[in-house]
Amino acid sequence: MAKLLVYSEEAGVARELLAKARQVAGTQGFTEVGVVALGAAAAATAAIWGEWGADVVYTVAEPALDVYNPETYTAALAGVIEQVQPVVVLVGATKRGLEVNGRVAERLGAGAVSWCDDFSYDAASQSVTAKCLVYTGIGNNTYRINVLPALAAVPPGVFHEQAFAGHSAAVIAVPVAIPAARMRVLANSVKADTGRRLQDAPVIVDVGQGMRNREDLAMAEELAGLLNGQVACSRPISSERDWFPEWLGLSGLKLSPDLCITLGVSGSIQHTIGIRESKLIVAVNSDENAGIFAQADYGIHADLYQFVPALIEAIKTRSVTKK
Amino acid sequence: MEKFDAIVVGAGPAGATAAYLLAKAGMQVIVIERGETPGSKNVSGALLFSQVYSEIFPKFWESAPLERAIVGHAITFLGEQTSVNLDYRDLDEGHVPHNAYSVLRARFDPWMAQQAEDAGAMLMPGFTVDKLLQENGRVVGIEAGGDALMADVVVVAEGTRSGLLKEAGLRTDEYHASDVSIGVKDVIALPEDVITNRFQCLNADEGVAYTCVGHTGGVEGGGFLYTNKDTLSVGVVAKIDAVYKSKLQPHAILNEFKAHPFISRLIAGGEIVEYSAQAIHRGGVHLIGQLYGDGYVVVGSAARLLLNNVMTLRGMDVAVASAAAAAKAILAAREMGDYSHTALAGYEQNFKATNVYKDMVTFKDTYPLLENERLFHVYPELAGAVLGDMFTVGAKPSKKGLKALRDDMRGKVSLWQMLMDMNQIGKGLVR
Amino acid sequence: MKIVACIKYSLTLSELKVDPATRELRLATTPQRVGTIDRNVLEAAVVLKPEGSTVHGLTLAPAGAREAFREAIAMGLDDLTIVDSTNWAAGGPMATAAVLAAAIQKMGDVDLVVCGEASDDGVTYQVPPRLAERLGWPLLAYARNIALAGATLTADRDLDIGMQSVACDLPLVLTVTQETNTPRRPTLMDAVKAKKKPVVVWQPEADLGLSAEALQAAGGVTRIAQEGIVIARKEQLFQGDDMKALANQLLDALLAEHVVAE
Ligand SMILES: Cc1cc2nc3c(=O)[nH]c(=O)nc-3n(C[C@H](O)[C@H](O)[C@H](O)COP(=O)(O)OP(=O)(O)OC[C@H]3O[C@@H](n4cnc5c(N)ncnc54)[C@H](O)[C@@H]3O)c2cc1C
Ligand SMILES: Cc1cc2nc3c(=O)[nH]c(=O)nc-3n(C[C@H](O)[C@H](O)[C@H](O)COP(=O)(O)OP(=O)(O)OC[C@H]3O[C@@H](n4cnc5c(N)ncnc54)[C@H](O)[C@@H]3O)c2cc1C
Ligand SMILES: Nc1ncnc2c1ncn2[C@@H]1O[C@H](COP(=O)(O)O)[C@@H](O)[C@H]1O
């Protein structure tokens, strides 16, 4: 009885993990692919997970879990794992997933790895092998985990969601006592969802801190528009300036467009890991020594404020398009 | 306000030596270094000549991070496609210390600074001294990032670019652009055993040093190639006015040097792991700057102390010798409780008594040689051509040496010029 | 009040190179330093420190690296404890958290532990939650706009979906991000004073009673392979003052690559 369990507080990430779990279930001998749904609201709609590949949905229908709190979520996930006894737990490596992952692992004495992008379970040796990005993506480590369950934190975007039409899931309510959290949540402000699907854009115009004002985004939007693309950004542009809800990189999205044009991005590895799968990378930077140039196909050593208008102009005059 | 007995500006060989000797004698010393660690901002060959070092740091070779003992020195003349090499090897393996060692400053300078710290000096890396503080015309301390520190005496050991004295209005001795060269250097990584074999060394502790003349973009200067453990230091030192005139980037000159077939074969397969450039004085006894004043001494290349006789470039041991001479004077001044310029004048006397200074006097006539363009443009090519003629068995009848020389000289240099130049070389290096 | 700042002697990742032939990571020649996130940790600890409190640095690092912590101390630590990793055969976040927890317990009466959200080189995001679990304290991660009133800390947690405002009573483990604050640059005076601050070295076995073997086994994670990732790009640089020419040069290149059409 080798069970695989999927957990992410982000439904989209849980779907990605489930798709992978479903794909390998047969070959790696998992007898069950489970998913965790926490909170009264999630429990009410739990059955939908069948279509995304789950055999079983484990619910903890406590209303206390309707608001995310790492302490209550840690208690719930640890409780489910203790009762379900999986050999592998895939956890979405969002910031919330990571804080719960470490804590659950410590509580259960489970082996845990971060930034996993591939894994396999070997029933004979009762061990899990996990391939993980290390040093923010400069290398890959392969680990053997022999204290099970193995908790593997998988970044969003590594696997791709897949609908399994007709597949259905059993819903099992797991009784877990949720102690009151000591950290009190006073308010949640959720960033407005733009509804954009950057993953589908063939061209990404990637804006970094070299762009000084929010108004200047118009320039990036125009460039992206001409090439049938979308504008994305580095983390500080999102987390410090709040121009976009999402960012690219280690802790953000990882994209693989045909063309990525960075504007005023320095090239720190935490960021470029989000764009390095692009087929072609163009970098515009005013610093000749910017690290991004070594990670780009074509570097333009220029002030973006001078170059981008010229590029837009040239695209228009020559009627260049992106099919 | 914090007060120290001595403040040392710069933790290069000069500063570290001064700090070490002063702290060892019980003085409260602080060393302020601009680099995040000593040596991190340094550009140097670097060949370290042992003699002076072993006087100050006995048995330094046992604990210092040295690269290879230099058992071979070669001087090489590079023509367009030729090389003529005068290769000297000391094959006596036994004697320690060796005459010279190659070092990497990023590793060696921290070791020197550590000696000073172990002796009780306080090392402050990561801070740049912005100015010297003066009271009634005497130096009483320093200012760094807005903080002031006071001391009885300030040791100015900030290297070639030394701007503190000038900014303080204390620099009375100006110099010309023609007295300054620029040094550019690549560190090239190669496996340890490749270096050992390629340079015909017995093992990874042995190494060689090449000094090269010619093929430096037509600019008056010299090239060098030193073997480290698993890297080579390859560089060019060229006169700054000549570089300027040539309109070449310093690195382009280095690239031309590295592209010479003699050099390119020695560095083949290597990967550049570091590139750096730094100004360097041309050195010579006539260029020695002001050494002391009220409340301060100037040591090492901050006082333009350097010895360049074409065969060897000595800056580090000269810096150490000057710092030792200065430290001795400071300790004598402490006895008297007087750090005025008269009290510190002992520094100059001490320095003039050193062998380093005597060597500087000995090679004083080498410097005009460094001005002689033919040394860089004509003779390396000529040497290759003549030897080429003598070694080559070709379609034309062979010539004896002198005939070959006369033929190859035609249109390049007159016999008279060459005799004059020979005299100059003789005066500079031989007699 | 007693605050502990957990800081790490980390690899400078911008200098970490991959051997293009063997795909080996050149770890041995990569310089190490106290991480950049640790400067945010120190800043947060020093700013939070109420009158009459003390801030103690804590690191699991080779004792030989003590010089590298100078600047960290100068940022405002009262002292630094190095748990010496020189002969310590246990790796991984589980063992690290065990060591840090044991040290914090030995220090005694600690009210607040500040960590980075992730270390510069490890980036496991595991040590702080594991540490909190070991200490039995709440974890307040990814904190910004931190304020301390009496024994209650309030902050905004920067989560990927938005901000979560929280309040929590001490003791607790706090993690900060690079957005949390702007670290100070210590002055020469700070550095001179820091020279007189004590640096204590503890051995994990002798002083904290931990066994590397036991922890390594309990952690259950063993590295069996490592490989650097090499991504080759063309790295062509276009420069010049004529923007129009540069733009056309780029378009020509993109057309030649067939990523766009004319
Ligand atoms: C644990 C951790 C996780 C992280 N995760 C991520 C992540 O997922 N994603 C992410 O992006 N970052 C992440 N970071 C942050 C990352 O380390 C960098 O700080 C960040 O990516 C830098 O963003 P930037 O390139 O936009 O800005 P900067 O580094 O400030 O670079 C701005 C660049 O613009 C150039 N420039 C300035 N003016 C002009 C002009 N007029 N024209 C042209 N160029 C100009 C400059 O030369 C400079 O190179 C993470 C950090 C940590 C510690
Ligand atoms: C390319 C090249 C090759 C050379 N090869 C050799 C060789 O093979 N053998 C040899 O013996 N010599 C060689 N030299 C010469 C040698 O490097 C110098 O003569 C020697 O380093 C002088 O020592 P110093 O201590 O006086 O100065 P430096 O070594 O220059 O040290 C000065 C120190 O002061 C610091 N500093 C400067 N300003 C400040 C400030 N304001 N505040 C705080 N700190 C400051 C600097 O960061 C530096 O660490 C070479 C030089 C060059 C450029
Ligand atoms: N060796 C260590 N010594 C002290 N603190 C550490 C160490 N390793 C990790 N930490 C702390 O844990 C945080 C997260 O590290 P990591 O789990 O490696 O991403 C760091 O920012 C530090 O605050």
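The values are calculated or read from the model by the stated rules, or taken from the named source; none is laboratory data. For clarity, every value in this text was computed on a predicted model and none was experimentally measured. Glycine also receives a Cβ, built like all others from the backbone with ideal geometry; neighbour counts cover every protein chain displayed.
In the range A:288-312, what count of residues is obtained for those that are within 7 Å of chain C (Cβ to nearest Cβ) and either over 27 Å from residue C:15 (Cα atoms) or crowded, with 19+ Cβ neighbours inside 10 Å (or both)?
13
Look at the range A:267-283 and say how many of its residues are assigned to a strand (DSSP E or B) and in contact with a Gly (Cβ under 7 Å, 6 or more places away or on another chain).
Initially, the range A:267-283 is screened for residues assigned to a strand (DSSP E or B), giving A:280-283.
From what is left, the residues that are in contact with a Gly (Cβ under 7 Å, 6 or more places away or on another chain) are A:283.
The number of residues fulfilling the criteria is 1.
Restricting to the range A:203-221, count the residues that are within 14 Å of another protein chain (Cβ to nearest Cβ) and either within 16 Å of ligand 3 (Cβ to nearest atom) or buried (at least 16 other Cβ atoms within 10 Å of the Cβ) (or both).
Residues in the range A:203-221 being within 14 Å of another protein chain (Cβ to nearest Cβ) and either within 16 Å of ligand 3 (Cβ to nearest atom) or buried (at least 16 other Cβ atoms within 10 Å of the Cβ) (or both): 4 in total.
Given the residues B:315, B:337, which is the only one that is buried (at least 24 other Cβ atoms within 10 Å of the Cβ) and either more than 16 Å from ligand 2 (Cβ to nearest atom) or over 30 Å from residue B:408 (Cβ atoms) (or both)? Walk me through how you get there before you give the answer.
Numbers: B:337 fails: buried (at least 24 other Cβ atoms within 10 Å of the Cβ).
Selected residue: B:315, the only one of B:315, B:337 that is buried (at least 24 other Cβ atoms within 10 Å of the Cβ) and either more than 16 Å from ligand 2 (Cβ to nearest atom) or over 30 Å from residue B:408 (Cβ atoms) (or both).
For the range A:8-27, give me the residue count where each residue is over 11 Å from the mean Cα position of the chain (by Cα) and outside any helix (DSSP H, G or I).
Looking only at that region, the number is 1.
Looking at the range A:225-237, which of the residues that are part of a helix (DSSP H, G or I) and crowded, with 22+ Cβ neighbours inside 10 Å is nearest to ligand 3 (Cβ to nearest atom)? I'd like the intermediate steps shown before the answer.
From the range A:225-237, those part of a helix (DSSP H, G or I) are A:225-226, A:235-237; that's our starting set.
Retained after the next criterion (residues that are crowded, with 22+ Cβ neighbours inside 10 Å): A:235, A:237.
Working: A:235: 16, A:237: 23 Å.
Only one residue tops the list, namely A:235.
Any residue at all in the range C:203-221 that is surrounded by fewer than 17 Cβ atoms within 10 Å (Cβ to Cβ), farther than 24 Å from residue C:107 by Cβ and either assigned by TED's automatic domain parsing to the domain that holds residue C:96 or modelled with pLDDT under 95 (or both)?
yes
Report, by residue number, each residue of the range C:1-18 that is more than 10 Å from ligand 3 (Cβ to nearest atom) and within 11 Å of chain A (Cβ to nearest Cβ).
C:11, C:12, C:13, C:14, C:15, C:16, C:17, C:18
Residue by residue, here is whether (1) within 16 Å of ligand 2 (Cβ to nearest atom); (2) within 15 Å of the chain's Cα centre (by Cα); (3) buried (at least 23 other Cβ atoms within 10 Å of the Cβ); (4) in contact (Cβ under 8 Å) with a residue 24 or more places away in the chain holds:
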| site | (1), (2), (3), (4) |
| --- | --- |
| C:116 | no, yes, yes, yes |
| C:128 | no, yes, yes, yes |
| C:134 | no, no, no, yes |
| C:156 | no, no, no, no |
| C:160 | no, no, no, no |
| C:167 | no, no, no, no |
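Any residue at all in the range A:76-93 that is within 16 Å of ligand 1 (Cβ to nearest atom) and within 25 Å of residue A:189 (Cβ to Cβ)?
Keep residues of the range A:76-93 that are within 16 Å of ligand 1 (Cβ to nearest atom), which gives A:92-93.
Cutting the leftovers down to within 25 Å of residue A:189 (Cβ to Cβ) gives us A:92-93.
Yes, some residue in the range A:76-93 is within 16 Å of ligand 1 (Cβ to nearest atom) and within 25 Å of residue A:189 (Cβ to Cβ).
Output the residues belonging to the range A:134-174 that are small (Gly, Ala, Ser) and either closer than 25 Å to residue C:215 by Cβ or over 16 Å from the mean Cα position of the chain (by Cα) (or both). If you could, list the steps in order and put the result at the bottom.
Residues of the range A:134-174 small (Gly, Ala, Ser): A:137, A:139, A:150, A:152-153, A:157, A:163, A:165-166, A:168-170, A:173.
Of everything in the range A:134-174, those that are small (Gly, Ala, Ser) and either closer than 25 Å to residue C:215 by Cβ or over 16 Å from the mean Cα position of the chain (by Cα) (or both) turn out to be A:139, A:150, A:152, A:153, A:163, A:165, A:166, A:168, A:169, A:170, A:173.
Tell me, yes or no, whether the range B:281-289 has at least one residue that is surrounded by fewer than 23 Cβ atoms within 10 Å (Cβ to Cβ), touching a residue at least 40 places away in the same chain (Cβ under 8 Å), over 16 Å from the mean Cα position of the chain (by Cα) and farther than 24 Å from residue B:360 by Cα.
Checked against the condition, which is being surrounded by fewer than 23 Cβ atoms within 10 Å (Cβ to Cβ), touching a residue at least 40 places away in the same chain (Cβ under 8 Å), over 16 Å from the mean Cα position of the chain (by Cα) and farther than 24 Å from residue B:360 by Cα, the range B:281-289 yields no hits at all.
Which strands (runs of 3 or more DSSP E) does the range B:210-315 wholly contain that include 3 or more residues that are closer than 26 Å to residue B:107 by Cβ?
B:221-227, B:231-239, B:271-281
Among the residues of the range A:132-155, write down those that are under 22 Å from residue C:120 (Cα atoms) and either facing another protein chain (nearest Cβ under 9 Å) or surrounded by fewer than 20 Cβ atoms within 10 Å (Cβ to Cβ) (or both).
Result: A:133, A:134, A:135, A:136, A:137, A:138, A:139, A:140, A:141, A:142, A:143, A:153.
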